[in-house]
Amino acid sequence: MDEELALLLVMFQAGGVFTPIIFVLFHSLRQFLFIPVVIICIAGGILFGTVAGTVYSLIGLMISSLLFFALVSKFPRTQEKLSSIRKKWFGEYRNLTVSQISILRLVPFVHYQLLNFCLMERHRAFKEYSKAAFITNLPLAFFYTVFGQFISQFTPTMIVIILFSLSILVYVLREKMTIIKWRDFFKETKLEKQG
């Protein structure tokens, strides 16, 4: 991770006046290069500081989210694959709330595009999806940009406490109601009686 971050910093510092534009474009293309969001947001904090880094990261993340919405809606097989992954990770009848997605975006090992898909399942209209994507990307951009600016002051204990706090928040902000379709309920009941 340190090598990727050092390489990004060298690339962006060589950009001069065009560095913010390169940074935003790189943020948008990051998903195709398989670079974690966290690394780029941290680089934004190191390069631009908290305010500018957050704004540039937010712009790049929004472009990335909107590209995802446009591309995935054209490929139904990809949607099916993402749906099966979502069911494995979060359960068949669990729908993540916008608050939960915001918090899960802060956890580095939860896949960014999977969370975009969960957001897309919850908000099918482009306008609603865009608004929800903005709300969920804002904490991500801010937190990791600040983290990038103050990275030398964080201890491993502090990072563990932050991750533990995030996992508690995900549980507290869960949707308290589960909707099970009528035929699915009776299908499971029949299987239990047969077994």
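No lab work stands behind these numbers, since they all come straight from the coordinates. This one's a predicted model, so the numbers in the text were calculated from it and none came from an experiment. Cβ atoms come from the backbone with ideal geometry, glycine included; neighbour counts cover every protein chain shown.
Using a basic spin-label model with each label point 7 Å from the Cα along Cα→Cβ, how many nm lie between Ile35 and Ile85?
The answer from the label model is 2.0 nm.
Sorting check: for 58-70, 27-39, which peptide has the highest mean count of neighbouring beta carbons within 10 Å, and how do the rest follow?
In decreasing order of mean packing, 58-70, 27-39 become 58-70, 27-39.
For Ser73 and Thr155, what does the FRET efficiency come to when R0 = 41 Å and r is the distance between their Cβ atoms, rounded to the nearest 0.05?
So, using R0 = 41 Å, E works out to roughly 0.40.
Of all trypsin sites (Lys or Arg not before Pro) in region 55-113, which ones are in loop regions per DSSP and have a Cβ with at most 11 other Cβ atoms within 10 Å?
Here the sparse-neighbourhood loop sites are Lys74.
Can you list which of the GluC sites (Glu not before Pro) found in region 90-148 are DSSP loop residues with at most 14 other C-beta atoms within 10 Å?
Those satisfying the criteria are Glu92.
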